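Contents: one structure, followed by commentary.
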Amino acid sequence: MASPQCCANPPTLNPAGGEGKVVDSFGGIKSYVAGAAESKAAVILVSDVFGFEAPNLRKIADKVASSGYFVVVPDFLHGDPLVLESTEKPFPVWIKEHGPDKAFEEAKPVIAALKEKGASTVGAVGYCWGAKVVAELAKAHEIQAAVMCHPSFVTVDDIKEVKCPIAILGAEIDRMSPPEVVKQFEQVLSSKSGIGHFVKIFPGVEHGWTVRYKTGRGEVVDSFGGMKAYISGAADSKAAIILISDVYDFFYGDPFVAGIAERLVQVWIEGHWPNKGSFEEAKSIIAALKEKGVSSIGAAGYCWGGKVVVDLAKAHEIQAALMCHPSFVTVDDIKEVKCPIAILAAEVDHMSPVELIKQFEQVLSSMPEVDHLVKIFPGVEHGWTVRYKSDDANAVKRLGSPGRHD
């Protein structure tokens, strides 16, 4: 029986995902295929218990295909991946219907179909459940190369019978194949001089890490401290950060829209002035964080949000403050700051010009009780930390530039 870890963090399946295509039959099995069909080198990816529609698995298939391989991801589960919530078919029942031995036999016609297409070299990669299938293929010398990622159900005896080069990518936190077992695999392979092998235990990761990682951990919630918010990270963390946007974000669904004649920024800002309720709303969010057990809260504000952050810093509602190219912040505001603060400014900024930022630094330097960092980044404009283009290499490079505070 699989451990809870084996089935943790299930993917959201997407039958239409990937850059390749789904074919009704490849070697008699419905499959996702990607890459050059005429390639002489092919790779079969054998899924974990969640099947061939897993988005990250298809991303891997597309990545391998981009290197010149023809990739096949067969649906060895025949449209019946494990569903954790199922009471009719819990794992012990499901696995009886989907033993890796069945997939091993079904993989043989897939390999035959690849050879019929002209593939002279076939490798296979198996994830969790699929690793057992790959181990069987490697034992029967049906493939020319094997990769097992955080394998399940694979034994030392299996490894003893492997007849092709093999790589084993283990996880440091894995009850299905704990590091001690993976090290035994390596010892066995090291004793087989005729078999090329690579074994690595990846630190800090859990079983399933190669295909069940999260690409975006955040989510939008309807209410956090009474506000619609985007949240991300460990909910049990003792440290929290509030990010307060520039004029282009939430605002109760009413961000500033450039180019609308009847809603010029002067008109829009009248209804969205930073001290018109935003400070009080931020206090409710801070209270909600403290209720969750957070003991240290920082806040970062961008442009418009810089004013909200400075007001929080003045009231000592937060333990650390960061303002990026702030708007509407005055020297008098800075004089009242009561927590450590960093100011990241732009060389080209009409909202907070360099001369004003220098005044901010002079004031903070006269307040020894307040730690501070002030930098003016050369060659960038107001908004540079959040409004750069990710495909602009120079803009991205500037984010890591040392800046200056002359």
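The values are calculated or read from the model by the stated rules, or taken from the named source; none is laboratory data. Source: prediction; values computed, not measured. Cβ coordinates were reconstructed from backbone atoms using ideal geometry, including for glycine residues, and neighbour counts include every protein chain displayed.
Mind counting the residues in region 185-240 that are under 17 Å from the mean Cα position of the chain (by Cα), within 30 Å of residue 289 (Cβ to Cβ) and of a type in the set (A, V, I, L, M, F, W, C)?
Residues meeting the conditions: 6.
Check residue 373 against each of (1) surrounded by fewer than 17 Cβ atoms within 10 Å (Cβ to Cβ); (2) part of a helix (DSSP H, G or I); (3) hydrophobic (A, V, I, L, M, F, W, C) and name the one condition it does not meet.
With respect to (1) surrounded by fewer than 17 Cβ atoms within 10 Å (Cβ to Cβ); (2) part of a helix (DSSP H, G or I); (3) hydrophobic (A, V, I, L, M, F, W, C), residue 373 is out only on (2).
Restrict the check to region 320-333 and report whether at least one residue is surrounded by fewer than 17 Cβ atoms within 10 Å (Cβ to Cβ) and in contact (Cβ under 8 Å) with a residue 24 or more places away in the chain.
yes
Considering each of 167, 234, 229 in turn, give the residue that is under 30 Å from residue 304 (Cα atoms), not in a loop (DSSP other than H, G, I, E, B) and not β-branched (Val, Ile, Thr).
Residue meeting the stated conditions: 229.
Can you pull out every residue in region 143-163 that is farther than 19 Å from residue 207 by Cα and not β-branched (Val, Ile, Thr)?
144, 145, 157, 158, 160, 161, 163, listed by residue number.
Condition check: under 21 Å from residue 152 (Cβ atoms) and not β-branched (Val, Ile, Thr). Does residue 30 satisfy that?
No, not satisfied.
Among the residues of region 340-381, which ones are more than 17 Å from residue 302 (Cα to Cα) and small (Gly, Ala, Ser)?
365, 366, 379
Given the conditions (1) closer than 28 Å to residue 99 by Cα; (2) touching a helix residue (DSSP H, G or I) at 6+ places or on another chain (Cβ under 6 Å), which single one is not true for residue 35?
(1)
Mind checking which residues of region 171-184 are within 28 Å of the chain's Cα centre (by Cα), outside any loop (DSSP other than H, G, I, E, B) and charged (D, E, K, R)?
172
On the basis of being assigned by TED's automatic domain parsing to the domain that holds residue 34, in contact (Cβ under 8 Å) with a residue 24 or more places away in the chain and polar (S, T, N, Q), does residue 87 make the cut?
No.
If I ask for residues that are in a loop (DSSP other than H, G, I, E, B), of a type in the set (A, V, I, L, M) and farther than 22 Å from residue 109 by Cα, which ones from region 136-163 would you list?
Scanning region 136-163 gives a single hit, 154.
Filter region 331-352 for residues that are at pLDDT 95 or above and outside any strand (DSSP E or B) and give the result.
The answer is 331, 332, 333, 334, 335, 336, 337, 338, 339, 340.
For region 51-102, what are the residues that are over 15 Å from residue 129 (Cα atoms), touching a Phe, Trp or Tyr at 6+ places or on another chain (Cβ under 7 Å) and of a type outside the set (Val, Ile, Thr)?
Within region 51-102, 56, 58, 61 qualify.
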